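Down below is the structure, laid out as structure tokens.
What follows is calculated from the coordinates using simple rules that are stated; it is not laboratory data. Note that the structure is predicted; figures quoted are calculated from it, not measured. Ideal geometry is used to build each Cβ from the backbone, glycine not excepted, and the neighbour counts take in all protein chains shown.
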Amino acid sequence: MPASHVRLVRSLKRSHPPRTSERIAEERFACSVSGDKARLPTRGSCYTFSYHGLGELWAVIGAFCITLEYGISGAGVARNWSQKMGSFLGDEYKHTVFFYFGKGTWPADATAAQLADNYARTDDNYLDLSAAFLTAGCTLLLMGGLSLSKAVVNFMTFLKVLLVIFMVICGFTGASQNIFESGEVFAPGGINGVINATTLLFFGFIGFDEVCCLSSKAKNASRTMPLALIGTLAIAAMVSFTAQLAISLISQPGQASDFGVAFEQMGWTVISWIVRLGELILLPLVVWLGPKE
């Protein structure tokens, strides 16, 4: 063998040492780890993360629960929007889009004429066509690829916060009773009333699980995401508490009401119209974002 070839072989041996069994095992482990990292998602939905972390069965269960959660919450907001539309437009609207069925309940002091009128019922056993059309319309628009920009969503969210602040300030200004006067005034429905009210208020805390799906877009996610969850929960709890306190100060104890109706009963017609128009314009955004999630 020529001397030049001998020198070449020796240099190759020095630059490429022989592959021992330990070195081969290390290389295989490195390849498997890098392959797993390539398959793990950095962003996505509940289904995506559950599928890679727990398996397909748990991913399907999680996706079903999330879909059910946002579907029911969106339907609830749509029905509430339709009720506000009915209060805004009058009884003719309700007679057109509400269809009652099954056994109903009426006020304890209902007259014979009211007992014969399904639209005087106090139960929720009815089909709401306008709420169904609103939900279906938002879903179809999203399926067609139409989406709102981040700036538009943030602007409408800002308007919703301003509306809540406006209602709270007006509620505290028009306070006409002391709800802490006695136990009967504070909780006229007793423990059952407190539990029923709690189940309704829990609705306002649905959707925070979606914040976790945005972790890939956060800087220093291990620190930012816990702070984001705690901060949003704290702010939502404070806003809900002040709003419920404000409406309790201007409503009759034991009677369900909303800000628009309460302000109208107080004689504040202009403020009542502002609140009702704001709710009618801004509530559909919640229905829009429900199917999107």
Charges at C-beta only: +1 for Lys and Arg, -1 for Asp and Glu. How large is the resulting dipole of the stretch 46-292 about its Cα centre, in Debye rounded to 20? 880
Which of Val161, Val270, Thr105 sits farthest toward the positive end of the charge dipole of the stretch 46-292, with +1 on the Cβ of Lys and Arg and -1 on the Cβ of Asp and Glu? Val161
Order 175-182, 74-81 from most to least packed using the mean count of other Cβ atoms within 10 Å. 74-81, 175-182
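Decide, for the stretch 46-292, between rounded, prolate and oblate: order the square roots of the alpha carbon gyration tensor eigenvalues as a ≥ b ≥ c, take rounded if a/c falls under 1.5, and otherwise choose prolate if a/b is larger than b/c, else oblate. Walk me through the numbers on the way to the answer.
Numbers: a/c = 1.74, a/b = 1.42, b/c = 1.23.
Because a/c hits 1.5 or more and a/b exceeds b/c, the stretch 46-292 counts as prolate.
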Place +1 on the Cβ of every Lys and Arg and -1 on the Cβ of every Asp and Glu in the stretch 46-292, take the dipole about the Cα centre, and give the residue among Gly62, Ser176, Ala221 whose Cα lies farthest towards its positive end. Ala221
C-alpha center-to-center spacing [the stretch 231-278, the stretch 71-136] in angstrom: 21
